Structures are given as structure tokens and as C-alpha cells.
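Have a look at the structure below before the remarks.
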Ligand SMILES: *Cc1c(COP(=O)(O)O)cnc(C)c1O
């Protein structure tokens with residue numbers, strides 16, 4: 001077996017010990033004689049798997065009792081519709097902060113269901129890209145909620161603060177949830193597709209404050225209703241059982257092997273700091289984002305000579321460094337260094353980048 005270092009933006013690397021445990025339990029889960037994939041989602045066995053996953057997640061994020069944890073499907077992209085459908089029933093406008101491609105997608109989908117007010121946008125100053133500061137955020141009088149993207153996965157632009165607002169704060173945390181500790185009580189609703197920092201694709205996590213379960217529009221698909229999902233403990237229909245089981249293993253890994261989110265944050269900050277230092281320390285590489293808004297999860301960078309992009313990627317592949325191409329919409333390079341990407345992967349990437357710049361730069 002030769003596992004390589006995987007910098008994919010999503011579906012992303014999973015902790016190796018999690019994959020090993022899943023392998024060991026694949027055919028026979030804990031002596032029950034069947035795979036998790038083959039279990040009824042209503043069986044005691046699977047309900048215990050789901051309950052432990054939720055309990056461990058609540059523990060990791062210190063989720064207050066007045067918040068529901070929902071395990072849904074459809075990816076973060078479905079949340080772009082579910083948020084206005086579930087929070088826009090009392091009228092008003094959806095307020096959005098636009099910091100990049102995912103923020104824009106949320107706005108485009110949101111305006112199919114609610115009038116939209118753009119509360120703030122990221123700006124470019126002297127070529128630096130940065131997120132809006134608190135004083136630049138102007139919510140409208142009739143705001144039903146304020147939505148933002150804590151980490152723009154494609155641009156590598158991350159908020160260095162949590163905006164405050166009189167209306168419920170809604171956050172797309174698809175690519176930075178569980179990377180550092182946070183205070184859930186600052187939010188009305190948090191959502192994240194699983195395939196970046198949680199587990200396999202197919203599961204979508206929603207954390208929602210109880211009082212927001214009664215703000216829904218009358219007409220919407222039953223499967224889109226947070227309230228229905230909450231009242232049925234995320235089992236109104238068949239949940240993505242294997243993805244939920246694997247996510248549970250990741251939560252357990254974060255708690256027992258990593259030792260919690262403080263430890264995870266320290267590792268993540270160290271990984272990101274050395275990679276940005278390698279980029280800044282070499283004229284051959286560049287990243288345009290303001291220092292305080294550089295993502296610690298997704299690190300986009302460009303080569304001084306873009307005609308070498310293909311060669312860079314091919315040589316990186318040969319060196320066992322996978323999936324370093326930037327998003328198809330922006331090009332360049334991007335190293336996604338989520339929780340499960342080991343520090344050794346970042347070290348190997350830095351060594352490769354230095355060598356490449358020396359020989360071809
Ligand atoms: C990946 C991503 C999405 C889209 O997620 P899907 O689960 O593929 O719908 C949305 N927002 C952010 C911030 C992302 O990183």
C-alpha cells in the first residue's frame with residue numbers, strides 16, 4: 001500500500017486511522033455480522049452510531065442545548081435554497097456578505113426565494129483581497145438573516161472574526177468547520193457539506209437554534225424542512241448511513257487522537273504558517289490575500305511563470321503530492337490542508353516547491 005499526500009479541496013483526505021477502522025469493520029461491525037452499510041437506519045446499532053456521532057460533535061463544538069444538530073443530504077449547495085425557505089417565512093430580505101464564488105452562489109440561489117440585500121462585499125485594496133470589516137456591513141431594516149461564508153474555499157479567503165448582527169447569523173462553514181474552536185451561540189444557523197473537513201460526501205451538517213425552526217415558508221419540499229428533520233431526529237427518511245458512520249469516526253478521532261479542537265487549531269495554524277512562509281519567501285510563488293484573511297484550510301498560490309503550471313502539477317504528482325491544481329474557474333495552484341492532511345504532507349510540499357523553484361524558476 002502506498003498512500004500519497006492528498007491536497008484535494010473536496011472530497012478531501014480522511015484520517016488514515018479512520019479509514020483503517022472502517023476497513024476493519026467493513027464486513028462485520030462490532031461482531032454484529034453485517035456491515036454498517038447493510039443495517040436498518042432504525043436498528044439499535046445504527047441509532048447508537050448516530051447518537052454517538054452527534055454527542056461527540058456537540059462535545060467538540062460545545063454546542064448549546066438550544067441548538068439542534070441535523071444530518072441532512074444535498075450538500076451545502078442545497079442549503080443555499082433551504083436557508084431562505086426555512087428562515088424567510090415571515091417576509092423580509094435575505095442579507096448576504098459576498099466574499100467569493102461560494103458566497104455568490106448562495107446569493108444567486110437565495111434570490112430565487114427571497115428578495116436579497118447585499119450587506120457587504122470583499123474588496124481589493126492595493127491588489128490585496130480582504131473580507132469586509134464589521135463597520136462595512138450594512139444590514140437592511142427588514143433582514144430575516146445575515147448570511148456569510150466563513151472560508152471561501154476557492155479564493156482561500158477566510159474571516160478572521162465573526163460578524164455581529166441583530167438578526168440571525170447564518171454561516172456556510174463547509175471548508176473550515178472543526179478547524180478551530182468556535183462559539184456556536186454567536187450563530188443562528190451553521191451548515192457544512194461533509195466532504196471537506198467532516199467526512200465523506202453525501203452528508204450535510206446543519207446546526208440550528210431552536211427558535212429558528214418556526215420561520216419557514218408554508219410551501220416547500222418536506223425533505224427541505226429543518227423542522228421535519230429535527231422532529232424526526234434526522235431520520236424522516238433514510239439518512240446517508242455510511243457517511244454518517246464515517247463522520248462519527250472522524251469526530252472520535254478529533255476527540256481522542258487529536259485531543260480536541262484547541263490542539264487541532266494549533267496544528268492547522270502551524271501547517272498554514274509554514275506554507276505561506278514558503279510562498280512569501282520565494283519570488284516564484286505568490287498569494288494575493290491580506291495576511292489576516294489568508295485561509296488556514298485552502299492555500300491558493302500562483303507560479304511567477306504560469307506556462308510552468310502543467311509541469312509543476314505533473315512533477316508534484318510524480319513526487320506523491322496529489323490534487324494541487326487550483327479550482328477550474330481560477331486556475332493556478334491550491335493546496336487544501338484540512339484537518340486530516342498531516343503536517344508531513346505540508347513539509348513535503350514545501351520541499352518540492354523550493355526544489356521546483358530552484359531548478360525551473
Ligand atoms: C464545497 C463548498 C460548497 C459546495 O458544497 P456541495 O456539498 O458540493 O454542495 C459550498 N460552500 C463552500 C464554502 C464550499 O467549500
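For the reader, a short list of remarks on this structure follows.
- If the condition is being within 16 Å of the ligand (Cβ to nearest atom) and either over 22 Å from residue 86 (Cβ atoms) or at pLDDT below 95 (or both), then the range 161-171 contributes no residue at all.
- In the set (1) touching a helix residue (DSSP H, G or I) at 6+ places or on another chain (Cβ under 6 Å); (2) surrounded by 20 or more Cβ atoms within 10 Å (Cβ to Cβ); (3) touching a residue at least 60 places away in the same chain (Cβ under 8 Å); (4) closer than 30 Å to residue 18 by Cβ, residue 300 fails one condition alone, (1).
- Residue check, residue 255 surrounded by fewer than 18 Cβ atoms within 10 Å (Cβ to Cβ), part of a helix (DSSP H, G or I) and either in contact with a helix residue (DSSP H, G or I) (Cβ under 8 Å, 6 or more places away or on another chain) or on the phi > 0 side of the Ramachandran plot (or both): yes
- Subset tally (residues that are farther than 14 Å from residue 194 by Cβ and surrounded by 15 or more Cβ atoms within 10 Å (Cβ to Cβ)) for the range 18-32: 5
- Residue that is within 30 Å of residue 21 (Cα to Cα), free of Cβ contacts under 8 Å to residues at least 60 places away in the same chain and surrounded by 16 or more Cβ atoms within 10 Å (Cβ to Cβ), where the choices are 345, 272, 316: 316
- Subset of the range 95-136 [without any contact (Cβ under 8 Å) to a residue 60 or more places away in the chain, assigned to a strand (DSSP E or B), closer than 24 Å to residue 216 by Cα and more than 16 Å from the ligand (Cβ to nearest atom)]: 116, 117, 118, 119
- Residue within the range 200-210 that is surrounded by 15 or more Cβ atoms within 10 Å (Cβ to Cβ), away from the ligand (no atom under 16 Å from the Cβ) and touching a residue at least 60 places away in the same chain (Cβ under 8 Å) present: yes
- Taking the range 172-188 as the range and being outside any loop (DSSP other than H, G, I, E, B), away from the ligand (no atom under 16 Å from the Cβ) and touching a helix residue (DSSP H, G or I) at 6+ places or on another chain (Cβ under 9 Å) as the test, only 184 passes.
- For the range 217-226, the criterion of a residue being at negative phi and crowded, with 20+ Cβ neighbours inside 10 Å is satisfied by at least one position.
The values are calculated or read from the model by the stated rules, or taken from the named source; none is laboratory data. On a predicted model such as this, the values are computed, not experimentally measured, just so you know. Positions of Cβ are generated from backbone atoms using ideal geometry, with glycine treated the same way; all protein chains shown enter the neighbour counts.
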